[in-house]
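Okay, structure first, notes after.
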């Protein structure tokens, strides 16, 4: 797709999404606001795990840090929610970088488990620093009202703000991935030894990616604090981190727009499962999950990639004959464990 | 001194729980190269089957044996039916499938047996044993013993039997193993079966302490992962040692580091693991991968 | 509730968006001439899923009410969603109930963090938020939150009851406390410490906490024994209460043992821990404990068993939560009956706030429900009881938190 077409598509999608408040109730808008928030969080995780090959099972921790940064700033210091977003991004960037630095020595499974430990420790730490975090009771916030006398409900305003932030974060991510840093991080994922031989500063890029990834998820967390208007340690348990992992695999690793699908999945499929079966809703969810993986093991983005390349090769082979079909370059997976059986 | 010893003993008892589940985790990783997130839930499900049998009047050791067999078969079936279709998929896809398995096991167990906690009997005596002023639970000792016995059996199996050798080969190098005449996919299925059986034993040992409920394994699973990480995912011995270590460290920290006390016990245990990993990234007993450039 | 398909939901959204008037009149949202819609969220999955049976038992009781003709000719439509004990999910499900399902009121939403998350929303939307299933203290605040009402005696009050008893009977005691590290545990702890007042610093020699995800609390018990405590306040959920009682017995520690009400079940706690080991335990009760043999021939108990067998056969007869759900559903039914034909939300709230001396079949004899426009705590009475190896023997006066104010 040409650049102009791509920009046009983005504008159309965002513009279309921006019109939703005219048609949807407050509750539905709330759900779609959540979808946008999850999309940002998944974006962060995907940058680290999909593009850079570092598996993290602990992004719930950065989500929590972002949420609490925002909550504490709004509740204790009366700072407007707009300022809390960059603040949360900064705090989480630093936290991610600081965690990523020593984690350089860990690979694959061990990194995953180290990050898992982080996610587990976070609720306990939040409860411990009661004075700041309100402990188990949490912090109650107020939803912001639309400014400048705009005739929008709180839900509508919040949705539009979140949508705008999501669009900005996505554009930034696309630029990052296509730039030098993006190529460096993909190189590190696919062949760290060769990347280093080519002059990529492994330690710097990997730690940087941790920081950036954490910053993204932190911004999502900050937005969620405003949207739910409440933070408590119970909102950030280990299942949240696992949900994020599910989201990026469903959406497709190393994909930007796949994260929207991942976000839609983790927001709505549990609800559908509940509607299907009251008795064992999570069993239905599990079946959905497994079925999805059978049909689209590379996620939605991966399936789309395969489909488009098959169409392309079909077109090429129709024009030039089968010998001319080029082998496609598919993004490989972290610690690429493709079995050669 | 006495309190130190008592805490170490309690820590070993708790650690035994972690160790037994960590062993099953490492087992399946060694045999199939997959981290099975559903290990704990499968063990819990097997334990519920035992409970149903005991409830119907079956004597303990018969129910025990029956469960181990059913778990073994169940593990094989799960590998054949659920995991094989995604065998060649990226590792994270397989992880998601095991996560799906996790929620299914948990949800179905809750649906069949409800979420009310059920007491589960122990085959060992309920009376505590005393050594001086230190108190040992008979069940705790028994359970540690069973874990160590499992470890020994596992070690002997993998080291000295042709089948064990075949399984290890299949996991480490499927291509060469095929050339050597090993039925790789059969080995994988066997690996799952064995791990499920070990998990069932772990579940039955652990249930008397934790009380049987669908969420019984959730918290332990986390510690089991931590233990396996600490010990090294490639070493069953490491998993067991890791489990005992995590249990003991947890208790000692909770007792002696007073400014942390018990409110950050989990955090400290996890921090310890991360620190160990920084010094030895593949765990205490894990195989160190040296990459030649 | 069940079987609501995705297309139906989408259709509902479209209808709402097109602004078509629903079949519900603006004056009495959630209520028509034939139907009363009651909303609820419960943790049917996740770490607190053991409580989910409360939501189910409530549904089963409303089925009985419907079978017997409903309330003033209207059948109850009970819609209950799973929130997994997660505040964000609770917010989403409650918004669904209020904005999409358009329920008349929310009943028995469970959990302190989940209810905290929806507290402000319910009051902004002016929807009755009744009889919340949590023992936290903040639900009795009619001035600031006129639409939210609690139900059970709150944890802090219970803590104070025990503290009072300790001060009276063991003034020189050394107290050790084991508590769950969350709002439930900390609430009890606060009540207890407040009740001891200035003596707290001197009397409390050791506090130990644990997380719900911990496998055992043996280590904590060992530390508590070692601290020399001769009074033990045990703030644990049933799973850990069993361990605590057993371990204390095993290591030969015999303090005066106060057990929190949440774990007072004979069937699920005392029997597995050992009836002999549990002798001497003190707790505060407000309900008849359904595994306690002293209520074997009690009419309230027998009616409950009959109802369980007919309407909730898959529920366990030794699960106190099923008795709790049954009891509180009777209260809700009573409030609705009192509404007569005026089912506006204001009137529902008004009726909930004017209950006088109501007895429920599974409350201890002498305990009555009372509410008023300034008193949003329906049950404020408790009775101390001591376990004699066979049953909870009630002793002392009925403790009334309302009068003590």
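Readers should treat all values here as calculations from the given coordinates under stated rules, not as data from a laboratory. Worth saying up front: this structure is predicted, and the values here are computed from it rather than measured. All Cβ positions, even for glycine, are placed from backbone atoms using ideal geometry, and neighbour counts span all protein chains on display.
Exposure proxy for C:253, A:272: other Cβ atoms within 10 Å of each Cβ, ordered fewest to most, give A:272, C:253. Of C:80, C:372, the sequence from fewest to most neighbouring Cβ atoms within 10 angstrom is C:372, C:80. Return P(r) of chain A (all Cα-Cα pairs; 10 Å bins starting at 0; whole %; ordered from short to long distances). For chain A, the pair-distance distribution reads 6, 23, 33, 25, 10, 2, 1, 0. Against chain C, whose longest principal axis comes from its Cα atoms, helix C:112-125 is set at around 30 degrees.
When N is the residue count of region A:171-316, what does its C-alpha Rg come to as a fraction of 2.2 N^0.38 Å? Could the numbers behind the result be given before it?
Details: Rg = 18.5 Å, N = 146, 2.2 N^0.38 = 14.6 Å.
This ratio for region A:171-316 stands at 1.26.
Full extension of the segment from residue B:165 to residue B:237, taken as 0.36 nm per residue of separation minus the current Cα-Cα distance, would add 24.2 nm. Ellipticity at 222 nm from helices only: DSSP H runs of n ≥ 4 in chain B, each -39500 (n - 2.57), divided by the residue count, give -24500 deg cm²/dmol.
What FRET efficiency do you get for residue A:23 and residue C:123 if R0 is 25 Å and r is their Cβ-Cβ distance, rounded to the nearest 0.05?
Numbers: r = 28 Å, r/R0 = 1.13.
Plugging the Cβ-Cβ distance into 1/(1 + (r/R0)^6) gives 0.35.
In chain A, the calculated helix contribution to ellipticity at 222 nm averages -24000 deg cm²/dmol per residue, counting -39,500 (n - 2.57) for every DSSP H run with n ≥ 4.
Per residue, the average separation of C-alpha pairs within less than 8 Å and at least 6 apart gives region B:2-279 a relative contact order of 39 percent. Note that the protein assembly as shown, at 10 °C in a medium of 1.306 mPa s, gets a Stokes-Einstein diffusion coefficient of 53 µm²/s from its Kirkwood radius over C-alpha pairs.
So what is the relative contact order for chain A, in percent, with contacts set as C-alpha pairs under 8 Å and at least six apart? Could the numbers behind the result be given before it?
Details: 509 pairs, mean separation 103.4, N = 341.
The value is 30 percent.
Computed from Cα atoms, the angle from the helix C:320-338 axis to the main principal axis of chain C rounds to 40 degrees. With neighbour counts taken as other beta-carbon atoms within 10 Å, the residues C:165, A:59 rank, fewest first, as C:165, A:59. With N counted as the residues of chain C, its alpha-carbon radius of gyration over 2.2 N^0.38 Å works out to 1.01. The Cα atoms of chain B cover 60, 57, 35 Å along the three principal axes, with the biggest extent listed first.
Taking every alpha-carbon pair under 8 Å whose residues sit at least 6 apart, chain C reaches a relative contact order of 14 percent. Taking the C-alpha atoms only, the angle from helix C:52-67 to the longest principal axis of chain C is near 50 degrees. Modelled this way, with points 7 Å down the Cα-to-C-beta line, the labels at residue C:400 and residue C:271 are 3.6 nm from one another. Mean residue ellipticity, 222 nm, helices only, chain C: the sum of -39500 (n - 2.57) across DSSP H runs of n ≥ 4, divided by residue count and rounded to 500, is -11500 deg cm²/dmol.
Whole angstrom only: what separates the Cα centroid of region B:226-258 from the Cα centroid of region A:191-214? The two parts, judged by their Cα centres, are 32 Å apart. Extension gain, residue A:164-residue A:311: 0.36 nm per intervening residue step, less the Cα-Cα distance, totals 49.6 nm.
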